[in-house]
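Every number in this text was worked out from the coordinates using simple rules, so none of it is lab data. Only a predicted model underlies this, so the values are computations on that prediction, with no experimental measurement involved. Counting neighbours? That spans all protein chains shown, and the Cβs are built from the backbone with ideal geometry, glycine included.
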Amino acid sequence: MRSSALILIILPFAFSISFAEDSPPSEDEIQIAMVFEHLTDAWRDGDGDAWAESFVEDADFTVWFGLGLKSREQIAWGHQLIFDSFYADTVYEFGVRQIRFVRPDVAVVHLNASVIKDGESIPKEPDTVPMAILERIDANWKIIAFQNTPFVVNEFRANGDIKRFKKMAAEQAQQPPSAGTN
């Protein structure tokens, strides 16, 4: 587990990744971060094929509203469709929150992301909080699964659910673990 002290490495276009204070990013972490920088560039260029290059052939991609795309071809087609219509002239900015290696060649990446319209700045809170699973294939990191989850904290903050959840979590943390439950 990494230290909670963080250093922010700022890459072009407000792209950031967090690393432990006492350890510089590994070559794999830098390469993984570059995958998301490539996605930002492809989105900015409105290029569905370039966007899909970051994915394996049989990748799984779940769109923020639940639609599932299965394959690099579908990912390229779906993204070109949105680049040519309602997301024309926008940028999708990523911020890498955490990279966790589950094996030396497989990483789970937690992100913050926002679609930015021309002339707008990055919002204080992200539009989505994607999670991606990447695999190192030969010398390249590729996305094998991408889950794009809407960030709806403000909605639940307003109705009190977050406060209730925090209270329940605190109460649960005070309870000793039960043994032998099925």
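The table that follows gives values for the structure above.
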read-out	value
Cα→Cβ-extended label distance, 7 Å offset, between V102 and F86, nm	3.1
Amide H partners (placed H, <5 Å) of A145, local residues excluded	D60, I133
Two-site FRET efficiency, S71 against Q172, from Cβ-Cβ distance with R₀ of 45 Å, rounded to 0.05	0.65
³J(HN,Hα), Karplus 6.51/-1.76/1.60, whole Hz, each residue of segment 131-137, x for Gly, Pro	10, 10, 10, 10, 10, 7, 10
Residue-by-residue Karplus 3J(HN,Hα) for segment 26-32, coefficients 6.51, -1.76, 1.60, Hz, glycine and proline x	6, 4, 5, 4, 5, 5, 5
Three-way shape call for segment 84-139 based on the alpha-carbon gyration tensor, with the a/c threshold at 1.5	prolate
Simple spin-label estimate for I122 and M34 in nanometres, 7 Å along Cα-Cβ	2.0
Per-residue Cβ neighbour rank within 10 angstrom, fewest leading, F151, F146, F86	F86, F151, F146
For I116, distant residues with modelled amide H under 5 Å away	V91, Y92, E93
Amide H contacts under 5 Å for R97, placed H, 5+ residues apart	H110, L111, N112
Radius 13 Å from Cβ of A113, net charge of other residues (Lys, Arg +1; Asp, Glu -1)	-3
